[in-house]
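Please read the structure below before turning to the comments.
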Amino acid sequence: MTGRHDETAATLAAPLPDPTLFAGEDLPAPLAFAVAGGEAVLYTHRAPGKEGPNEDAAAVLPLEAGAGVLAVADGMGGQRGGAGASACAVRALRAALVAAAREGRELRGAILDAIEQANRGLLEQGLGAATTLVAAEIRDATLRPYHVGDAGLLVVGQRGRLKWQTVSHAPVAYAVEAGLIDEREALHHADRHLVTNVIGSPDMRIEVGPVLRLAPYDTVVLASDGLFDNLHLDEIVAAVRKGPLASAAARLADTCAERMAAPAAARPHKPDDLTFILFRRAPPRRRAV
């Protein structure tokens, strides 16, 4: 994750072996996709200086017109174990959605089945590998979030209001939610790495959020903790609230790379793999005069 990124997202100029799933990859620049009646921009890269693989994975899964599913997974378990766990989660998600489309099943059930299938698979492997996951089911102007662990989702309004966010399954996040510490204190807390809920655990639980209505120009952020541990929440909001998504993605990637590379006073710093997806609905068509 070195150098500055062009503020224009690359597009898929040629078919990839799997153009919607990204597991263990290092993208040189954000990629843009048309999905769910809008635009998604995805970026994933291992931590600066890391010799092992990127243990994050992500998926952009277009469905019928106006619908799609976005997902980010953050593997743990060391080297290949973590990378395999996150890949297992997004592949299970894709397989379940393909089957649901063929059988005419609802998305919600398919997403829950996929997460449970990934959990069973990782437990059966017996390697101790696990992953967090955040997913968004988008249909027309609505979104429903799902998450396990500390991968997170934000909905940001054009004027910079944080309209909704997941609460990570982690002690420090619960302390913030209870008002015991603030968000800036949490970024420097000694226990910020602890997670209490993962795919790959007998006690895994899936948190299903409410159906949220997306206003025109709202921006959705899905990300691994590599984003949230290196940027303050207000910095993320300021970066994504308006302007081209490609520009926002480039700013996030570059700022995280700088923070991870060298600690500085009063700035968060946690070298980690970084993966995020930004989504925004297509702007409303202007009426002809």
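Just so you know, all these numbers are worked out from the coordinates, no wet-lab data involved. Keep in mind the model is a prediction, meaning the values are calculated, not measured. Every residue, glycine as well, gets a Cβ built from its backbone with ideal geometry; the counts of neighbours run over all protein chains shown.
Sparsely packed loop sites in the stretch 61-117 (the trypsin sites (Lys or Arg not before Pro) outside DSSP H, G, I, E and B with at most 16 other Cβ atoms within 10 Å) comprise R105. Computed from label points 7 Å out along Cα-Cβ, the spacing between Q165 and Y217 is 2.2 nm. Around the amide H of Y217, modelled in the peptide plane, lie the amide H atoms of R281, all under 5 Å away and 5 or more residues distant in sequence or on another chain. Kindly provide log₁₀ I(q)/I(0) values, in the same order as q = 0.12, 0.13, 0.17 Å⁻¹, from the Debye equation applied to equal alpha-carbon scatterers of the stretch 21-281. Log10 I(q)/I(0), no solvent term: -0.64, -0.76, -1.39. Extension gain for A178-R108 works out to 22.3 nm (0.36 nm per residue, less the C-alpha to C-alpha distance). Taking GluC sites (Glu not before Pro) as exposed when DSSP calls them loop (any state but H, G, I, E, B) and at most 14 other Cβ atoms lie within 10 Å, what is the longest stretch of the chain free of them, the sites themselves excluded? After excluding every exposed loop site, the longest remaining stretch is 107-289.
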